[in-house]
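Note sheet for the following structure.
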Amino acid sequence: MNALAEFSKKIDTKLVEPLRQVNKGRTLVYTTPPQGFEVSNVEWGKIIEMSEGMVSYSFTSGNKDQIDASLTNSKVPVYWKEYEIDRRIFESWKARGTDVDAANAIAAGYSASRVEDSAIINGITKDGVNYDTPGLYQGAGVDYDTATSLVTFGKATDAISGCLNLMDDANVPVDRIKWNWVVPSDAYHKIRKIRNIQGIKELPDVLDMLNGGELVSIGTTLDTTQSVLVPDASVGEPFVDYYLTADFQTDPKTPEYQTTGNIGGRVFSAGVLRIKQEAALGKISNLTYVA
Amino acid sequence: MNRSGDKVQARVNVLILAVEIDGVEKRFRRGDIIDLPKTKIKQLGNSVSRYTPPAIEEDDEEDEGPEGLAALGIVAAQGPGGEPPGKKRR
């Protein structure tokens with residue numbers, strides 16, 4: 001086995017597990033098994049509006065168009081980052097029998113993972129305004145924009161209640177679904193620590209309203225004012241999923257020089273978020289941090 | 001464009017939007033046209049988009065009358081096929 005193939009194999013084995021640990025986007029939605037990197041385009045039905053069902057004592061015609069679905073099409077983006085390791089260091093590891101240090105590749109993998117997280121949670125944009133592929137936040141069909149001060153006891157639960165109410169009105173069975181509240185880090189820590197003057201924490205109430213779901217911090221992937229309620233991955237597949245075409249892996253680059261050229265490659269994954277029913281994603285979009 | 005103060009018109013893009021306007025929470029549905037402060041439109045992101053009403057061409061009454069139409073060669077100004085002078089079409 002040549003140096004390149006050997007290195008690539010070792011990196012692959014060291015890379016996948018750490019990336020699975022840090023990747024948050026995929027944990028929020030049902031993720032399909034990898035469909036193959038060659039899949040560059042995907043189509044799916046997006047439910048626009050469900051018309052009324054029918055009640056009768058026998059089946060009759062006229063209820064065929066229950067689901068008004070539009071066909072949505074998206075290219076499958078690739079999330080990637082390149083890395084490089086000095087050839088002399090690599091040869092030194094080999095000569096001493098030291099385990100290959102995959103730090104560079106893992107660091108590259110973390111970067112690729114953050115980009116994928118951002119695509120799933122927020123969306124893919126070139127100009128910061130228009131989103132080619134909306135993520136959970138940008139693709140949400142419900143927006144609860146009433147100012148929610150996270151330093152005032154009770155406002156977090158007000159916001160969840162308000163947002164769930166809007167989704168309920170859009171015919172989403174909110175009381176039967178486990179919800180995760182995806183929030184930026186600032187909000188996460190404020191919600192976890194807030195107490196009323198009797199010292200009672202608000203967090204248990206927040207979790208109770210999420211029907212068994214969790215408060216999830218996604219760091220700085222969303223702005224401090226933004227958050228989104230997402231159905232848990234265990235029940236959310238009918239509403240949204242992540243169509244994975246390639247799991248994290250490395251592709252080695254042929255060194256410029258056979259025996260002295262640096263060893264490197266790229267870490268990549270590929271997939272696209274498919275929002276099938278936008279009403280089941282609810283933004284809470286006006287978080288504030290002043291009383 | 002219909003402006004009131006620093007407010008501009010925006011079209012609701014999401015299925016349901018709950019937003020505070022002048023301290024009161026109001027609900028809107030996709031397609032509704034609402035007046036919002038410019039800063040609020042920016043904060044709401046893609047939940048709303050600036051709305052510009054379609055331009056309506058102002059009709060020129062002179063041109064609609066028989067004289068105007070006659071000038072365009074559409075009807076005779078007076079006499080057979082024409083209309084009495086001074087009568088305006090609505």
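The values are calculated or read from the model by the stated rules, or taken from the named source; none is laboratory data. This is a predicted model, so every value here is computed, not measured. Note that we place each Cβ from the backbone using ideal geometry, even for glycine, and neighbour counts take in every protein chain shown. Calculation scope for accessible area: heavy atoms of the full protein, side chains included, ligands and nucleic acids excluded. Shrake-Rupley method; radii C 1.70, N 1.55, O 1.52, S 1.80 Å.
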Report task. Run the 1.4 Å probe and let me know the accessible area of A:Glu6, rounded to the nearest 10 Å². Result -> 50
Report summary line: Taking the dipole of chain A about the Cα centre (Lys, Arg +1; Asp, Glu -1; charges at Cβ), the one of A:Gly236, A:Ser269, A:Ala279 that reaches farthest to the positive side is A:Ser269
**Report entry** Using a Förster distance of 45 Å, the FRET efficiency for A:Thr32-A:Thr152 (Cβ separation, nearest 0.05)
**Finding:** 0.65
Report summary line: Tilt, helix A:103-121 to longest principal axis of chain A (alpha-carbon atoms), in degrees rounded to tens, equals 20
Report summary line: To the nearest 0.05, the calculated FRET efficiency linking A:Ser185 and A:Thr288 through their beta-carbon distance, R0 being 22 Å, is 0.90
Query raised in the report: Summing Lys, Arg as +1 and Asp, Glu as -1, what charge do residues with Cβ under 15 Å from the Cβ of A:Asn196 carry, A:Asn196 excluded?
Result: +3
Report summary line: Shielding of A:141-149 by other chains, given as the mean Cβ count within 10 Å, works out to 6
Query raised in the report: Once the Cβ-Cβ distance between A:Gln21 and A:Trp93 is put in as r, and R0 is 22 Å, what FRET efficiency do you end up with, to the nearest 0.05?
Result: 0.35
Query raised in the report: A:Tyr188 accessible area, nearest 10 Å², 1.4 Å probe?
Result: 50
Query raised in the report: When the accessible area of chain A is computed with all protein chains present and a 1.4 Å probe, what percentage of it is carbon and sulfur?
Result: 50
Query raised in the report: Going down the table (A:Lys81/A:Lys190; A:Lys178/B:Lys38; A:Lys75/B:Lys38; A:Lys75/A:Lys190; A:Lys81/A:Lys126; A:Lys178/A:Lys283), which pairs top 28 Å between alpha carbons?
Result: A:Lys81/A:Lys190; A:Lys178/B:Lys38; A:Lys75/B:Lys38; A:Lys75/A:Lys190
**Report entry** Cβ charges +1 (Lys, Arg) and -1 (Asp, Glu), total dipole of the range A:160-281, debye
**Finding:** 340
Report summary line: Here the residues of the range B:5-28 whose accessible area is at least 30 Å² smaller with all protein chains than in the chain alone (probe 1.4 Å) are B:Val14, B:Leu15, B:Ile16, B:Ala18, B:Glu20, B:Glu25, B:Arg27
Query raised in the report: Ordering A:Glu214, A:Glu278 by how much accessible area each has at a 1.4 Å probe, largest first, what is the list?
Result: A:Glu214, A:Glu278
Report task. Mind ranking A:Trp93, A:Trp44, A:Trp179, A:Trp80 by accessible surface for me, highest first, 1.4 Å probe? Result -> A:Trp80, A:Trp93, A:Trp44, A:Trp179
**Report entry** Mean accessible surface per residue for chain A, computed with a 1.4 Å probe while every protein chain stays in place, in Å²
**Finding:** 51
Query raised in the report: Which value, in square angstrom to the nearest 100, describes the accessible area buried between chains A and B on both sides, using a 1.4 angstrom probe?
Result: 1400
Query - Label-point separation, A:Leu203 to B:Arg11 (7 Å along Cα→Cβ), nm - result: 4.5
Query raised in the report: Measuring from centroid to centroid over Cα atoms, what is the spacing of the range A:109-135 and the range B:10-60 in Å?
Result: 26
Query raised in the report: Gain in length, A:Glu82 to A:Tyr257, computed as 0.36 nm per residue apart minus the alpha-carbon separation, to one decimal in nm?
Result: 61.2 nm
